[in-house]
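One structure is given here, and the rest of the page talks about it.
Derivation of every value follows stated rules applied to the coordinates shown; laboratory data play no part. This one's a predicted model, so the numbers in the text were calculated from it and none came from an experiment. Here the Cβ is made from the backbone with ideal geometry for all residues, glycine too, and neighbour counts use every protein chain on show.
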Amino acid sequence: MFIGEYRHTLDDKGRIAIPAKLRYSKIGEDEYWVATKGFDRCLFLYPKDEWERIVNKINERLTFTKKEDRSFLRMFISPATEQTVDRQGRIAIPTSLREYAGIQKEVVTLGAVNRIEIWSEENWNRYKEENEKSFDVIGEKIADLSL
């Protein structure tokens with residue numbers, strides 16, 4: 001399970017360090033991730049096995065005959081790229097995904113249970129400011145989860 005908020009700087013080669021608490025292998029071992037567009041102008045980063053589970057579920061439920069299904073598949077699956085963590089614990093973020101998320105230098109990585117979210121610091125700060133005000137209200141709406 002991925003939890004926590006971490007701040008990093010994108011290096012000149014478009015790489016960020018994956019925090020040790022968010023990695024699931026030791027540095028130097030093969031670790032495969034899939035990066036793709038997320039919602040709210042962030043990126044989603046999935047461990048490869050979780051990505052495969054999600055894609056299988058999507059494939060079972062969506063059909064190519066529905067326009068919305070095709071659109072979602074194109075926007076979520078086609079920009080996805082497989083990435084590996086290098087010996088320094090870094091992962092490369094492709095230019096197209098950095099542009100989508102507005103990532104230039106300062107980066108925030110968030111643990112989001114089954115994935116990591118990667119945000120530009122500016123987008124994350126704006127999102128947080130807009131949504132912290134409604135956190136209690138949303139909590140009341142999901143109260144039926146019996147937390």
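Within the listed set 108, 34, 55, the residue fluctuating most in the Gaussian network model of the chain (springs between alpha-carbon atoms under 10 angstrom) is 55. Our helix-only sum for the chain, with -39,500 (n - 2.57) per DSSP H run of n ≥ 4 divided by its residues, gives a mean residue ellipticity at 222 nm of -10000 deg cm²/dmol. Shown here for segment 50-147: chymotrypsin sites (Phe, Trp or Tyr not before Pro) in loop regions (DSSP other than H, G, I, E, B) with at most 11 other Cβ atoms within 10 Å, namely 64. Seen from residue 68, the other residues with C-beta closer than 13 Å to its C-beta sum to a net charge of +4, counting Lys and Arg as +1 and Asp and Glu as -1.
Here segment 40-84 is scanned for amide nitrogen atoms under 19 Å from the site 7 Å beyond the Cα of residue 130 along Cα-to-Cβ, giving 40-44.
Loop-located trypsin sites (Lys or Arg not before Pro) across segment 11-80 with a Cβ neighbour count of 15 or fewer within 10 Å are 13, 26, 66, with loop assigned by DSSP. Stretched out straight at 0.36 nm per residue, the stretch from residue 138 to residue 123 would grow longer than its current Cα-Cα span by 3.3 nm. Taking 7 Å steps out from each Cα toward its Cβ at residue 87 and residue 113 produces label points 3.8 nm apart. Taking Lys and Arg as +1 and Asp and Glu as -1, the other residues whose beta-carbon sits under 10 Å from that of residue 7 total -3.
Computed over neighbours whose Cβ is under 15 Å from that of residue 46, the net charge equals 0, Lys and Arg +1, Asp and Glu -1. Here the Debye sum runs over all C-alpha atoms of the chain as equal scatterers in vacuum, and log10 of I(q)/I(0) at q = 0.13, 0.18 Å⁻¹ comes out as -0.65, -1.14.
For segment 92-140, which trypsin sites (Lys or Arg not before Pro) are in a loop by DSSP, counting at most 13 other Cβ atoms within 10 Å? Provide the component values of the computation, followed by the final result.
On the way: sites: 98, 105, 115, 126, 128, 133; in loops: 105, 115, 133.
Answer by residue number: 105, 133.
When the listed pairs 21/105; 21/128; 37/57 are checked against a 24 Å cut-off, every alpha-carbon distance falls at or below it. The HN-Hα couplings worked out from phi for segment 35-50 by the Karplus form 6.51 cos²θ - 1.76 cosθ + 1.60 (θ = phi - 60°) are 9, 8, 5, x, 8, 6, 6, 10, 10, 9, 10, 10, x, 4, 5, 5 Hz, whole numbers, x standing for Gly and Pro.
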